[in-house]
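Taking it in order: structure first as structure tokens, then the write-up.
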Ligand SMILES: [Zn+2]
């Protein structure tokens, strides 16, 4: 896997607004946005590493007026796949919610993740999963990204004459989510509150680290209430309002199954397996991620705290191995890095 197979393409989705869309789905292949005016430009999120971010920057440069640079980056939530590319714009102001800034330390540090990819044993379920899904990125030169402007609730920016509304969302995908509404273009950038999928371009199962699903559902409804017509999800194809309503149906289905499995005494891993076995969304990739989303829903019911991200990912890798081979991971190779 190389950067050439992962680099996105810039697509105009409204007046002076573009979406940078990776060629396929998968862990870390995030959508980004570009809003252009005569004197300034704004990115919404960045790709996962500097190689991808440089590709996005070069394509952005091709549509910017002479002398205009990208001065600001809005980060929709504090995950590396939406902000670790910011190092290619060292002078840009980085804008995020205050909750995002406070929760940055729950994500692994880029150098930790770089070291992990080099250190895992690819013959174990854990190592195989890490190499397959994260081995194509290069974080060797990536340093942690500092948020320069943090806010609570709402922030209104202007880019040239265009208003940009930023709204902080309650805990859902992470504990620092926001969405970006461009009322002049009737466009919303949803961040990872929404994972896009369409019949022509199926995506992946969402992965929600915080929850609960009830809040993700109400956040999706709030985005619909803006009257926007175009919704750029954090990953997957661009949606219209009907596509976003379809995503709400998915979230309600997982919510209902998670609560039923919890009441029946199943573990989160067993519940994920049972939802996968129901086969309601065979078109979506990465079904093992249901374990994370259902685990977050369980913590909401049981009153638990923060998930252990690495331990959770090891369970995800074991479930992926199980789904692929039909067997439990080999004894004694259960996947410690
Ligand atoms: Zn993401």
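The values are calculated or read from the model by the stated rules, or taken from the named source; none is laboratory data. These numbers were taken from a predicted model, which means no experiment stands behind them. Here Cβ is always computed from backbone atoms with ideal geometry, including for glycine, and neighbour counts include all displayed protein chains.
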Legend entry - Filter pass, residue 170 being surrounded by fewer than 16 Cβ atoms within 10 Å (Cβ to Cβ) and in contact with a helix residue (DSSP H, G or I) (Cβ under 6 Å, 6 or more places away or on another chain): yes
Inset, instruction - Tell me which residues, restricted to the stretch 208-250, are under 13 Å from residue 293 (Cα atoms) and within 16 Å of the ligand (Cβ to nearest atom). - result: 208, 209, 210, 211, 216
Inset, instruction - Report, by residue number, each residue of the stretch 82-109 that is within 16 Å of the ligand (Cβ to nearest atom) and surrounded by fewer than 23 Cβ atoms within 10 Å (Cβ to Cβ). - result: 103, 104, 106, 107, 108
Inset, instruction - Taking the residues in the stretch 18-42 that are part of a strand (DSSP E or B) and within 14 Å of the ligand (Cβ to nearest atom) as candidates, determine which candidate is farthest from residue 117 (Cα to Cα). - result: 33
Inset, instruction - Answer yes or no: is there a residue in the stretch 62-81 that is more than 20 Å from residue 306 (Cβ to Cβ), assigned to a helix (DSSP H, G or I) and either without any contact (Cβ under 8 Å) to a residue 40 or more places away in the chain or out of contact with any helix residue (DSSP H, G or I) (no Cβ under 9 Å at 6 or more places or on another chain) (or both). - result: no
Inset, instruction - For the stretch 61-72, enumerate the residues that are more than 21 Å from the chain's Cα centre (by Cα) and either buried (at least 19 other Cβ atoms within 10 Å of the Cβ) or within 16 Å of the ligand (Cβ to nearest atom) (or both). - result: 70
Legend entry - Close pairs from the stretch 35-46: first on the phi > 0 side of the Ramachandran plot, partner crowded, with 24+ Cβ neighbours inside 10 Å and not in a loop (DSSP other than H, G, I, E, B), Cβ under 6 Å, at least 6 apart: 45/32; 45/82
Legend entry - For residue 205: the one exception among (1) within 16 Å of the ligand (Cβ to nearest atom); (2) surrounded by 24 or more Cβ atoms within 10 Å (Cβ to Cβ): (2)
Inset, instruction - Assess whether residue 51 counts as being away from the ligand (no atom under 16 Å from the Cβ), farther than 23 Å from residue 107 by Cβ and not in a loop (DSSP other than H, G, I, E, B). - result: no
Legend entry - Check on residue 75, surrounded by 19 or more Cβ atoms within 10 Å (Cβ to Cβ) and over 21 Å from residue 236 (Cα atoms): no
Inset, instruction - Would you tally the residues in the stretch 173-191 being closer than 15 Å to residue 102 by Cβ, in a loop (DSSP other than H, G, I, E, B) and out of contact with any helix residue (DSSP H, G or I) (no Cβ under 7 Å at 6 or more places or on another chain)? - result: 1
Inset, instruction - Say whether the condition of being part of a loop (DSSP other than H, G, I, E, B) and touching a strand residue (DSSP E or B) at 6+ places or on another chain (Cβ under 7 Å) is met by at least one residue in the stretch 136-145. - result: yes
Inset, instruction - Give me a count of the residues in the stretch 218-240 that are within 11 Å of residue 181 (Cβ to Cβ) and either surrounded by fewer than 17 Cβ atoms within 10 Å (Cβ to Cβ) or at pLDDT below 95 (or both). - result: 3
Legend entry - Test: residue 273 is surrounded by 15 or more Cβ atoms within 10 Å (Cβ to Cβ) and within 21 Å of residue 195 (Cα to Cα): yes
